[in-house]
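S.K.: After the structure tokens below, expect a handful of questions from me.
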Number of protein chains: 2
Amino acid sequence: MKILVSNDDGIDSIGIYHLVQTLKEIGEVTVVAPLKEQSAVGHAITMQVPLRVIKFYKNNEFFGYAVDGTPADCVKMGIRNIMNESPDIVVSGINHGSNTATNVIYSGTVSAAREAAIMDVPSIAISVTSHGAKHFSFAAEIAKKFSLLINEKGLQKGTMLNINVPDRLETDIQGIMLTQQGKSKWDDIYEKRQDPYGRDYYWLTGNLVDCDNDPKMDQYAVRNNFVSVSPIHFDLTDYETYNKMKGWKIEELFNKK
Amino acid sequence: MKILVSNDDGIDSIGIYHLVQTLKEIGEVTVVAPLKEQSAVGHAITMQVPLRVIKFYKNNEFFGYAVDGTPADCVKMGIRNIMNESPDIVVSGINHGSNTATNVIYSGTVSAAREAAIMDVPSIAISVTSHGAKHFSFAAEIAKKFSLLINEKGLQKGTMLNINVPDRLETDIQGIMLTQQGKSKWDDIYEKRQDPYGRDYYWLTGNLVDCDNDPKMDQYAVRNNFVSVSPIHFDLTDYETYNKMKGWKIEELFNKK
């Protein structure tokens with residue numbers, strides 16, 4: 001199995017190191033990850049400036065390729081230029097922090113995996129649900145199990161799995177749940193401060209308002225100490241509204257002259 | 001009608017100027033837009049560094065607020081801190097370039113509108129389908145018509161309209177079509193170059209492989225000189241795969257100890 005690994009916390013983070021060590025047990029791993037932390041960059045890609053690729057060493061051994069761009073850049077660069085063939089799977093993570101509910105939209109970790117899905121390569125995004133995440137070994141095992149499962153079963157083109165693992169001891173994990181993207185959102189606050197020169201600046205902060213009480217939802221699963229596994233795609237069409245809008249007769253808003 | 005306008009080409013672009021002038025005919029317009037171009041930043045938000053807000057003047061008149069961040073930052077900042085109440089609608093654009101098919105994922109213009117949708121404010125992303133776009137007046141009129149229509153009919157919470165207008169004279173426009181997000185994708189190429197010091201760098205380039213021959217698709221519509229209107233939401237769950245995966249019995253991959 002040829003495996004491309006990326007992340008959004010940067011090539012030097014603890015999460016990606018655990019992931020790589022574990023995935024090496026089942027395949028040939030190529031690492032292409034951001035040089036610097038790229039949390040919350042969403043599906044940004046770099047077009048206005050060029051990218052550089054640097055060989056990155058860890059403990060005096062070659063670990064992988066660092067790209068001075070976004071997670072989506074890393075996956076594009078990894079598949080198009082660094083690997084000599086398309087990988088069998090792309091695994092992104094292990095993210096330090098939850099990627100459930102609305103976080104899926106902002107997440108660089110998910111975007112790396114989604115970029116692979118756009119390129120018709122099956123993929124997984126894997127996260128541990130706490131910014132000060134400690135329990136990476138179990139999450140790495142989960143990533144390995146699902147990599148093998150996808151290799152066996154296949155995934156529909158354009159689809160990826162978004163996996164969130166509670167930051168708990170394995171003995172505290174209640175099980176694995178198949179889930180959907182939850183509805184919980186951030187109550188954003190911009191904290192207003194003044195710099196030493198008297199000018200205002202704003203830091204984004206806030207809290208996730210956890211409103212997912214439906215047991216099908218990713219946020220419900222992790223809150224109850226289950227591993228959450230959601231299939232995600234990149235078709236954003238709202239089919240319900242599409243069908244409703246057929247009655248709006250928007251064609252009539254413009255008459256060809 | 002209270003209207004918040006943003007974009008991804010930057011507050012000083014031609015597209016946003018046309019949009020603002022036209023929307024002023026139907027409401028009170030507040031502009032909060034990026035200080036610099038933010039194309040292809042996707043749904044990035046700024047968390048690692050603080051944001052600054054600058055009053056921006058055009059032709060010696062106050063035009064709006066420039067934020068040194070992303071389109072999604074601008075909408076959050078506009079709604080949370082700059083306006084004293086939630087706007088009735090957010091309109092993002094007019095983008096210089098097409099936001100059909102896979103571009104929807106990468107687009108800063110769409111992400112500004114989607115951020116509004118996440119915040120339960122109805123929204124529109126509007127683009128003219130050419131990077132050297134010339135025909136903004138007609139697109140601005142379309143944005144106005146759909147703003148009025150949404151004000152009248154309402155939009156489901158969490159849904160926005162993604163509108164693409166062919167860069168043509170109004171007399172060449174064939175009509176308006178209700179569409180879905182197309183499947184066309186980029187065939188990426190990283191052009192390898194050398195800097196004056198002999199080091200390699202890579203520029204992202206490539207072509208959109210237009211494979212949308214289904215008349216329901218956004219890319220088909222604009223190619224045939226129709227205005228494309230797609231309802232977009234932010235639930236990325238792939239329900240087809242979700243139902244299929246019920247048969248995978250993933251629960252059995254982990255036994256509680």
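The values are calculated or read from the model by the stated rules, or taken from the named source; none is laboratory data. All of these numbers come straight from a predicted model, not from anything done at the bench. FYI the Cβ positions are ideal-geometry reconstructions off the backbone, even for glycines, and counts take in every protein chain you see.
S.K.: Please go through the range B:1-18 and give me each residue that is surrounded by 24 or more Cβ atoms within 10 Å (Cβ to Cβ) and either at pLDDT below 95 or acidic (D, E) (or both), ordered by number.
M.R.: B:D8, B:D9
S.K.: Within the range B:19-36, which residues are within 14 Å of chain A (Cβ to nearest Cβ) and surrounded by 18 or more Cβ atoms within 10 Å (Cβ to Cβ)?
M.R.: B:V32, B:P34, B:L35, listed by residue number.
S.K.: Confirm whether A:V49 is β-branched (V, I, T) and at pLDDT 95 or above.
M.R.: So A:V49 fails the test.
S.K.: Which of the residues spanning the range B:241-252 are of a type outside the set (S, T, N, Q) and facing another protein chain (nearest Cβ under 7 Å)?
M.R.: B:Y242, B:M245, B:K246, B:W248, B:I250, B:E251
S.K.: Can you tell me which residue within the range B:209-234, out of those that are touching an Asp or Glu at 6+ places or on another chain (Cβ under 8 Å) and surrounded by fewer than 21 Cβ atoms within 10 Å (Cβ to Cβ), is modelled with the lowest pLDDT?
M.R.: B:V209
S.K.: Which of the residues that make up the range A:44-55 are of a type in the set (V, I, T) and either surrounded by 15 or more Cβ atoms within 10 Å (Cβ to Cβ) or not in a strand (DSSP E or B) (or both)?
M.R.: A:I45, A:T46, A:V49, A:V53
S.K.: From the list A:N255, A:N151, which one is outside any strand (DSSP E or B), in contact (Cβ under 8 Å) with a residue 60 or more places away in the chain and either facing chain B (nearest Cβ under 8 Å) or not basic (K, R) (or both)?
M.R.: A:N151
S.K.: Residue by residue through the range A:168-199, note down the ones that are among the acidic types (D, E), surrounded by 11 or more Cβ atoms within 10 Å (Cβ to Cβ) and in a strand (DSSP E or B).
M.R.: A:D188, A:E191
S.K.: Scanning the range B:64-106 for residues that are crowded, with 24+ Cβ neighbours inside 10 Å, hydroxyl-bearing (S, T, Y) and at the interface with chain A (Cβ under 9 Å from one of its Cβ atoms), which turns out farthest from A:V110 (Cα to Cα)?
M.R.: The residue in question is B:T70.
S.K.: If you don't mind, there's one more thing I want to ask. Which one is farthest from the chain's Cα centre (by Cα) among residues in the range B:56-82 that are closer than 27 Å to A:H43 by Cβ and in a loop (DSSP other than H, G, I, E, B)?
M.R.: Residue satisfying both the conditions and the ranking: B:D68.
S.K.: Taking only the range A:28-60 into account, find how many residues are touching a helix residue (DSSP H, G or I) at 6+ places or on another chain (Cβ under 9 Å) and on the phi > 0 side of the Ramachandran plot.
M.R.: Summing the residues that are touching a helix residue (DSSP H, G or I) at 6+ places or on another chain (Cβ under 9 Å) and on the phi > 0 side of the Ramachandran plot in the range A:28-60 gives 2.
S.K.: Here are some residues: B:D210, B:D218, B:D214. Which one is farther than 24 Å from A:V75 by Cβ, out of contact with any Cys (no Cβ under 6 Å at 6 or more places or on another chain) and away from chain A (no Cβ under 11 Å)?
M.R.: So the residue among B:D210, B:D218, B:D214 that is farther than 24 Å from A:V75 by Cβ, out of contact with any Cys (no Cβ under 6 Å at 6 or more places or on another chain) and away from chain A (no Cβ under 11 Å) is B:D214.
S.K.: Quick check on B:N60: is it surrounded by fewer than 16 Cβ atoms within 10 Å (Cβ to Cβ) and farther than 20 Å from B:I14 by Cβ?
M.R.: Considered against the rule, which asks whether it is surrounded by fewer than 16 Cβ atoms within 10 Å (Cβ to Cβ) and farther than 20 Å from B:I14 by Cβ, B:N60 comes out as no.
S.K.: Mind checking which residues of the range A:159-182 are within 11 Å of chain B (Cβ to nearest Cβ) and farther than 29 Å from A:V121 by Cβ?
M.R.: A:L169, A:E170, A:T171, A:D172, A:Q174
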